[in-house]
Structures are given as C-alpha cells and as structure tokens.
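What follows is one structure encoded as structure tokens, with my remarks underneath.
The values are calculated or read from the model by the stated rules, or taken from the named source; none is laboratory data. All values reported here derive from a predicted model rather than from experimental measurement. As a convention, Cβ positions derive from the backbone with ideal geometry for all residues, glycine included, and neighbour counts pool all protein chains shown. Heads up: the accessible areas ignore ligands, DNA and RNA and are worked out on the full protein's heavy atoms, side chains in. Shrake-Rupley method; radii C 1.70, N 1.55, O 1.52, S 1.80 Å.
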Amino acid sequence: MHYWLMKSEPDVFSWDDLVAKGNAEWDGVRNHLAQNHMKAMKKGDQAFFYHSNVGLEVVGIMEIMEEAAQDSTDETGKWIAVHVAPVRKLNHPVTLKTIKADPALADMAMIRQSRLSVSPVSAAEFRHIIALSQ
C-alpha cells in the first residue's frame, strides 16, 4: 500500500462534502507532477485529506476506490482523476504549523513542494501524522 496527501480548498470541496457524497471523483488537478502521483495510485491506497487555503490542516483519511481514468471536468481529454471515499475523520486535525515544526516530518514532499496538490507520504510519515491526531 502507498500513502498520499491530497489538498482541497474546503470552500470548494471539503471533508464534509466527501462524507456526504460517500464516493467522489478527485478532479481538476492540472499539474503534471500531481497527475503523475495520481497515475501511480492503486485501489486500496490511502490518502490524507488536507484542507488548503482555509484551515491548512490534515482532517481525514480517504481510500483510493478507482484508479486513474479520464477527468470528467476536462474537455481536452488530457487530464486524469481518481475516485476516493472517506475512511475516517482524524480525532484532531493536524495543522501545517504542527507538521512544519516536527523534525520527523521535515522531509515530507508537501513541505518541499508546498504548492503541489497531490504528493506522496511515506509509511512512517503517515503513521506519525496519525499519532499526532490522537
């Protein structure tokens, strides 16, 4: 299993929106590196749901339900999307400030490439963030 972090602006699509839908297409990603990460995702992988711009925090865990396929919002046919479903909300959100202050998370891709909307997370980083949310 691989782990990921996927960002969404909560005023556009929030954790609560995903929970209400139950399963959603993660669409609208228009960055080549983020797209490569999505192409690498496999059914059953898990991803953190991160509220960007507003909140700046990891709020939940999602599961990849369907691997890369045509993004339904892309008329050019150039971009892909994956389908995700909520697994669980974190007991306590883990803020960007907490992540940046923690030496165990200093090498996280989301810190090194802060504008990237989809990034890999190591198994150790994933477990560490879960522990921080307790």
- Message: Just to check your reading of the model, which residue among W26, W15, W79, W4 is over 22 Å from S133 (Cβ atoms) and either among the aromatic types (F, W, Y) or modelled with pLDDT under 95 (or both)?
- Response: W79
- Item | Matching entry among Q70, Q46 (being polar (S, T, N, Q), within 23 Å of V94 (Cβ to Cβ) and open to solvent by 20 Å² or more (accessible area, probe 1.4 Å)) | Q46
- Among V121, V87, V54, the single one that is under 20 Å from M1 (Cα atoms) and either crowded, with 17+ Cβ neighbours inside 10 Å or modelled with pLDDT under 95 (or both) is V121
- Would you please name the residue that is farthest from A124 (Cα to Cα), looking only at residues in the range 43-101 that are outside any loop (DSSP other than H, G, I, E, B) and small (G, A, S)? A69
- For residues that are under 12 Å from W79 (Cβ atoms) and assigned to a loop (DSSP other than H, G, I, E, B), tally how many sit in the range 1-36. 5
- Note on the structure: The lone condition W26 fails out of (1) hydrophobic (A, V, I, L, M, F, W, C); (2) over 12 Å from the mean Cα position of the chain (by Cα); (3) open to solvent by 10 Å² or more (accessible area, probe 1.4 Å) is (2)
